[in-house]
Amino acid sequence: MNTIIMSFKMAFSAVWASKVRSFLTMLGIIIGVGAVIILVSLVSSTTKQMKTELESMGTNLISVSITRIWGSTRSVSVEDIEEMVEENSEYISSFTPLVTSSVTMKYGDEDVTSTAYGVSPEYPEIKNRSVEEGRFITEADIENRNKVCLVGQYQVNELFNGQSPVGQEVRLGTATSTDVYTVIGVLDQKSSNVSEGGDDDIIILPYTTAQRFFRNAMITSFAVSATSSDYTSQATAAIESFLYKIFQDDDLYNVQDQAEMVSSIDDALGSMTYLAAGIAGISLVVAGIGIMNIMLVTVTERTKEIGIRKSIGAREGTILTQFLIESAVISGLGGIIGIVLGVGGAAGVCTMMDMPVLTITEQLGTILGSFLFSVAMGIGFGMYPARRAAQMNPVDALRYE
């Protein structure tokens, strides 16, 4: 134990005696560890953000999309879905059609282009949204095809300068039609950063009005809510069975529950995490080669010292341990500096990109893995110089000038 402690003291003394050279040797490790932590943190932060957004919609949400085949007489109507929901009320609580199109909303001299959704009154419950001001669509709006709409915070900011738009008339236009609509409500703000294309850039219409306005009689998308997350798989199976009876081909529709989407995203971004870590890890291998070169130079410079120590009884194992520890100290110190810079850099980048900043606990696996890998590189690439020092002939070493 005393030998190992002495070896560590000698290693730190050697590093401190050649501060500039030691730092330049560590630089590759510092960059490699920092790059691994930053890249993995960015991918993990993206995963966390996407999972949070999807889970905020509710893990009992099921998305249904139907492939539209021109000329085919097979289709699914709102009445068909209503009947299916009633038959499976134990597993399915509600649904809403989704009729979507890109529209231009104009108020005064300002206009924005956004995605409009034609939905039913059940939309807020299914999509976990609420009305911040005004009211939502009612059954009367659906039956009478009323020309009313709700907007998100993006439209409020861009068109109404942050003022209440409720009761105002706006003009909606597509490539084929244009008409005047009355704003009846504002949806709740979902994101802290309201931006174009985000969750708050949205226009809501009654689905019957949207069908006529978008000239889209066939509804090909639905959002369905299971009675609870425990019954999601049963609800999904019931929907798939219902659709297969109509289309006789499971390639013509797609049913995906929210939990499955979260799992798929987790798997895909998990693979990206390993890929990012592997790419950044290459720099650690290159840094290990740099440590080996410097340790070879160190062994050559200290040849006479090695000869003296061996001549007074130092064993090969002691010399080997000393130089391995010195190599590990260099790579370990580089790893620690890289961890500090990587954690700080990841936090800064995530903050600038308005992404969630991971806690130290969430990054602990990456931090420990990077540090251990950096030390392993130091030991692995330091083995050859250490063995060369340990096997040195003491007579030849003492004669070295």
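The values are calculated or read from the model by the stated rules, or taken from the named source; none is laboratory data. Model, not experiment: these values are computed from the prediction. Backbone-built Cβ (ideal geometry, glycine too); neighbour counts: all protein chains shown. Accessible surface areas use protein heavy atoms only, side chains included; no ligands, DNA or RNA. Shrake-Rupley method; radii C 1.70, N 1.55, O 1.52, S 1.80 Å.
Probing with 1.4 Å while keeping every protein chain in the model, the per residue accessible area of region 282-354 equals 44 Å².
The phi-based Karplus calculation (6.51 cos²θ - 1.76 cosθ + 1.60; θ = phi - 60°) puts the 3J(HN,Hα) values of region 200-212 at 9, 9, 8, 10, 10, 10, x, 5, 5, 5, 5, 4, 5 Hz, whole numbers, x for Gly and Pro. For the chain, the alpha carbon positions stretch 103, 51, 36 Å along the principal axes, listed from largest to smallest. If you add up the charges near Val112, with Lys and Arg at +1 and Asp and Glu at -1, over every other residue whose beta carbon is less than 11 angstrom from its beta carbon, what do you get? Surrounding charge for Val112 is -4.
Counting Lys and Arg as +1 and Asp and Glu as -1, what is the net charge of the other residues whose Cβ lies under 15 Å from the Cβ of Cys350? Taking every other residue near Cys350 into account, the sum is -1. Judged by the mean number of other Cβ atoms found within 10 Å, the most tightly packed of the peptides 293-303, 218-228, 149-159, 174-184 leads the ranking 149-159, 218-228, 293-303, 174-184. In this structure, Val285 and Val20 have a Cβ-Cβ separation that, at R0 = 35 Å, corresponds to a calculated FRET efficiency of about 0.90.
The protection proxy used here, the mean number of other Cβ atoms lying within 10 Å of each residue, ranks peptides 344-354, 31-41 as follows, highest first: 31-41, 344-354.
Close amide H partners of Glu133, meaning residues 5 or more places away or on another chain with modelled amide H under 5 Å apart, are Val186. Per residue, the solvent-accessible area of region 159-241 (1.4 Å probe, heavy atoms of protein chains only, all protein chains present) comes to 44 Å². Once all protein chains are placed together, Leu372 keeps about 110 Å² accessible to a 1.4 angstrom probe. For Gln234, the shell of other residues with beta-carbons less than 12 Å away shows a net charge of -4, using +1 for Lys and Arg and -1 for Asp and Glu.
Would you be so kind as to identify all helices of the chain, as entire DSSP H runs, whose Cα atoms reach 20 Å or more along the helix's own axis and whose mean Kyte-Doolittle hydropathy is at least 1.0?
Membrane-span-like by this rule: 2-17, 258-301, 316-352.
Considering only protein heavy atoms and a 1.4 Å probe, what is the carbon-and-sulfur percentage of the accessible area of region 158-252? Don't skip to the end; give the middle numbers.
Numbers: 1770 of 4470 Å².
Looking at region 158-252 in its full context, I get 40 percent from C and S.
Report the paramagnetic label zone for Asp80: residues of region 222-247 whose backbone N is under 20 Å from a point 7 Å from Cα along the Cα-to-Cβ axis. Answer for region 222-247: 222-225, 235-247.
Provide the per residue accessible area, probe 1.4 Å, for region 86-131, rounded to a whole number of square angstrom.
48 Å²
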